[in-house]
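Asks: Below is a structure I'd like to ask you about.
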Amino acid sequence: MSDFLNHKKEKNMIPKYRKQFNQEFSNEKYAQLKEILKEKSGIEPAFRISESPLFLTREFKAKLLEASDSIIDQIKALPAETLRKAIPENCRVPNDTHQPHFFTIDFGICKSENGEIEPQLIELQAFPSLYAFQRTFEDTFCEVYPFLSEIRNKMPDETFKNYLKELIVSNEDPENVVLLEIYPEKQKTVIDFLFTEQLLGIKTVCLTKIKKEGKKLFYDNDGKRTEIKRIYNRVIFDELDRIPDLKTEFDFREEVDVTWVTHPNWFFKISKFLLPLLQHPFVPKSYFLHEFPEHEDLGDFVLKPLFSFAGSGVNLNPTREITDAIEDRENYILQRKVQYEPVFEDINGDFAKAEIRLLYIWREKDEHPILLENLGRMTKAAMVNVDFNKKDAIWIGSSNAFFAEE
């Protein structure tokens, strides 16, 4: 029995906080958590909210940050021309920037060969994630479970707001800054758009509603024709071609008098395209499909398209037949499989696995990005995607990580 208890303790990250959370948890508190988010935003989240936060150690956080710093330094050292090769010819947007305004990096929570819990890089993006939502989510976890406040993100809410406001709005009037998306009301992330509007005083505008005159862009701001000077871009550019009968006055590839936050080219430059170029103990070996060596075993790798969102197109068990059928082989990578470790115990004694996404901003004057928040995703399925879980599973979905001493 003692061996079983010791094994169970090893699997749990920060047993003290996990035990307290599980003792305090109830379905009523879970309902309260979701209701507060609904009251604050005006809508219910369109994605599943996990019942539980992630509890991670300061030691694990140190590993995360060391790996992130190394990856950032490696990216900064790459020639601009190497990054430029990632952009498809038909997707290049004028007036590129020196660096992206956003940088997010996903790590799986895994176990090393010597039994230590460690991060393993899954992917990275220069695309804004749920910054405003995650901050509110963390605040809400602390409202429902007050003891979490002692291990929460130390950055004050006002500092968080000022960072995002400086980055996105800058010195412009908020009415001249828009959050741009395609059919925003249909997006699963619409709750983040609403929190962003509240935080920054800007409007969310659909790409189809943008008017263009010469090099200037305009939108209807409650009946007032208003010029757009800065675009907080949430449109995934390469997906526009997949929307049938899309009618717009504005093409991303046209030169216009706006500042992009972040510039669309960075969606391609900071992507899975970089994975074969990075080296670190916490970066699984990756190859472009057309460069996959004969000596490697295909069964040890996951097949991923370079540019996809929310896990679409990922094949956990690629075969030679599948890879041979792919024509644009330079647009796929094979990434060595990692073993997610289930370390998050639920109230039934079962364990969930998770990924953590670090949410950085990268101001134009800064050499290094600034970490603002994190995003957790929990699962009990083979992929960290809620769609792959059983309908009655718990401790799955969108979460937030809290770090504490062991």
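So that you can scan it fast, the table gives a plain yes or no per residue for (1) in the same structural domain as I270 (by TED's automatic domain parsing); (2) at pLDDT below 95:
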position	(1), (2)
L64	yes, no
V93	yes, yes
H101	yes, no
R135	yes, no
E175	no, no
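Asks: Moving on. Quick check: anything in region 298-310 of a type in the set (D, E) and out of contact with any strand residue (DSSP E or B) (no Cβ under 7 Å at 6 or more places or on another chain)? Break it down stepwise before answering.
Replies: First, the residues of region 298-310 that are of a type in the set (D, E): 300.
Narrowing further to those that are out of contact with any strand residue (DSSP E or B) (no Cβ under 7 Å at 6 or more places or on another chain): none.
No; the residues of region 298-310 include none that is of a type in the set (D, E) and out of contact with any strand residue (DSSP E or B) (no Cβ under 7 Å at 6 or more places or on another chain).
Asks: Just give me the residues in region 138-154 being assigned to a loop (DSSP other than H, G, I, E, B), surrounded by 13 or more Cβ atoms within 10 Å (Cβ to Cβ) and out of contact with any strand residue (DSSP E or B) (no Cβ under 7 Å at 6 or more places or on another chain), in sequence order. So that I can check it myself, show each step before the final result.
Replies: Taking region 138-154 first, the residues assigned to a loop (DSSP other than H, G, I, E, B) are 145, 152-154.
Imposing the further condition that a residue be surrounded by 13 or more Cβ atoms within 10 Å (Cβ to Cβ) reduces the set to 145, 152-153.
The one that is assigned to a loop (DSSP other than H, G, I, E, B), surrounded by 13 or more Cβ atoms within 10 Å (Cβ to Cβ) and out of contact with any strand residue (DSSP E or B) (no Cβ under 7 Å at 6 or more places or on another chain): Y145.
Asks: Restricting to region 73-86, count the residues that are under 24 Å from R336 (Cβ atoms), of a type outside the set (A, V, I, L, M) and assigned to a helix (DSSP H, G or I).
Replies: Residues in region 73-86 being under 24 Å from R336 (Cβ atoms), of a type outside the set (A, V, I, L, M) and assigned to a helix (DSSP H, G or I): 3 in total.
Asks: Follow-up. Please go through region 17-46 and give me each residue that is in contact (Cβ under 8 Å) with a residue 24 or more places away in the chain, assigned to a helix (DSSP H, G or I) and within 19 Å of W395 (Cβ to Cβ), ordered by number.
Replies: Result: Y17, R18, Q20, F21, N22, E24, K29, Q32, L33, L37.
Asks: A follow-up question, please. Which is out of contact with any strand residue (DSSP E or B) (no Cβ under 7 Å at 6 or more places or on another chain) and in a helix (DSSP H, G or I), of F268, F252? Break it down into steps so the answer makes sense when it comes.
Replies: Values: F252 fails: in a helix (DSSP H, G or I).
Result: F268 is the single residue among F268, F252 that is out of contact with any strand residue (DSSP E or B) (no Cβ under 7 Å at 6 or more places or on another chain) and in a helix (DSSP H, G or I).
Asks: Right, something else. How about region 272-383: which strands (runs of 3 or more DSSP E) wholly inside it have at least 3 residues that are aliphatic (A, V, I, L, M)? Walk me through it before giving the result.
Replies: Working: elements: 286-288, 301-305, 332-336, 351-361, 370-379.
Of the strands (runs of 3 or more DSSP E) lying wholly inside region 272-383, those with at least 3 residues that are aliphatic (A, V, I, L, M) span 351-361, 370-379.
Asks: What pairs come up if the first residue lies in region 268-287 and is outside the structural domain of I333 (by TED's automatic domain parsing) and modelled with pLDDT under 95, the second is charged (D, E, K, R) and not in a loop (DSSP other than H, G, I, E, B), and their beta carbons are under 7 Å apart, counting only those six or more places apart or on different chains?
Replies: K272/E123; K272/K304
Asks: So, in region 77-118, exactly how many residues are farther than 21 Å from V261 by Cα and touching a Pro at 6+ places or on another chain (Cβ under 6 Å)?
Replies: 1
Asks: Right, here's the next one. Identify, by number, the condition in (1) assigned to a loop (DSSP other than H, G, I, E, B); (2) in the same structural domain as E373 (by TED's automatic domain parsing) that L246 doesn't meet.
Replies: (2)
Asks: Identify, from the list P184, P174, the residue that is touching a Gly at 6+ places or on another chain (Cβ under 7 Å) and surrounded by 13 or more Cβ atoms within 10 Å (Cβ to Cβ). Before you say what the answer is, go through the steps one by one.
Replies: Details: P184 fails: touching a Gly at 6+ places or on another chain (Cβ under 7 Å).
Only one candidate passes the filter, namely P174.
Asks: For region 87-103, state whether one or more residues are more than 23 Å from the chain's Cα centre (by Cα), in a helix (DSSP H, G or I) and either touching a residue at least 60 places away in the same chain (Cβ under 8 Å) or at negative phi (or both).
Replies: Checked against the condition, which is being more than 23 Å from the chain's Cα centre (by Cα), in a helix (DSSP H, G or I) and either touching a residue at least 60 places away in the same chain (Cβ under 8 Å) or at negative phi (or both), region 87-103 yields at least one hit.
Asks: Something else: Give region 190-202 a look and list any residue that's buried (at least 19 other Cβ atoms within 10 Å of the Cβ) and outside any helix (DSSP H, G or I), or say none.
Replies: I202
Asks: If you scan region 206-236, which residues turn out to be in contact with a Leu (Cβ under 6 Å, 6 or more places away or on another chain) and in a strand (DSSP E or B)?
Replies: Once the filter is applied, which keeps residues that are in contact with a Leu (Cβ under 6 Å, 6 or more places away or on another chain) and in a strand (DSSP E or B), region 206-236 yields I228, I231, Y232, N233.
The values are calculated or read from the model by the stated rules, or taken from the named source; none is laboratory data. Note that the coordinates shown come from a computational prediction; the quantities given were computed from them, not determined experimentally. Cβ coordinates were reconstructed from backbone atoms using ideal geometry, including for glycine residues, and neighbour counts include every protein chain displayed.
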